[in-house]
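In what follows, a structure is listed as structure tokens, so that the remarks can point back to it.
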Amino acid sequence: KNIRSVKKLNLDTGEREKGRLLVVQRHLRSGQKVEHNGDILILGNVNKDAQVIASGNIIVMGKLRGIAVAGALGDESAVVVALQMEPQQIRIGRKVAISSDEDRRSPGYPEVAKIENDTIVLEKVKG
């Protein structure tokens, strides 16, 4: 069942679905929300108070400053990847990590958020 619902975004303005991957070719502004039953690739920034919710992985080719929910149906093997990771909140499966504006500044390299030892950790993207 495809649970994708896109609110306040128009499919004619930069979104394409390929199999289980939803490609969003635009920035997400405050208050905007994208949900998809599969993986989501954002070709732009996710600004503060914007939400990305996926049953699979989330990849942001830009800054992640909003809320990312990967593995929304309980998949704790899902990951969140961003070129600049400065999220308000990351959820993977049932785990939640919240950061304040002061706590989180991107180190200047891409990072991946994943569950390790029952907690969400950030690591430098290898490769």
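Average accessible surface for the chain: 54 Å² per residue, computed with a 1.4 Å probe over protein heavy atoms with every protein chain in place. Here each label is just a point 7 Å from Cα along the line to Cβ, and for residue 30 and residue 49 those points are 0.4 nm apart.
The charge dipole of the chain, taken about its Cα centre with unit charges on the Cβ atoms of Lys, Arg (+1), Asp and Glu (-1) only, comes to about 360 debye. A cut-off of 5 Å between modelled amide H atoms, ignoring neighbours fewer than 5 places along the same chain, links residue 60 with 42, 81, 82, 83. Take the Cα of residue 126, step 7 Å toward its Cβ, do the same at residue 21, and the gap between the two points is 2.3 nm. Sorting 39, 101 by accessible area puts them as 101, 39; the probe is 1.4 Å, largest comes first, and only protein heavy atoms count. Along the Cα-to-Cβ line of residue 61, 7 Å from the Cα, sits a label point; which residues in the range 30-49 have backbone N less than 16 Å from it? Only 39-46 pass the distance filter.
Counting protein heavy atoms only, the chain has 46 percent of its accessible area on carbon and sulfur, 1.4 angstrom probe. Restricting to lysines 8 or more places apart or on different chains, can you count the pairs in the chain with Cα atoms under 16 Å from each other? For the chain, the number of qualifying lysine pairs is 11. Annotation: amide H-H contacts under 5 Å for residue 45 (H modelled 1.01 Å from N, sequence separation of 5 or more, or interchain): 27, 28, 63. Restricting the range 25-127 to GluC sites (Glu not before Pro) that sit in a DSSP loop and have at most 15 other Cβ atoms within 10 Å of their own Cβ leaves 76, 102.
The values are calculated or read from the model by the stated rules, or taken from the named source; none is laboratory data. Values in this document were obtained by computation on a predicted structure and should not be read as measured data. Cβ atoms come from the backbone with ideal geometry, glycine included; neighbour counts cover every protein chain shown. Please note that ligands, DNA and RNA were not included when accessible areas were found on the heavy atoms of the full protein model with its side chains. Shrake-Rupley method; radii C 1.70, N 1.55, O 1.52, S 1.80 Å.
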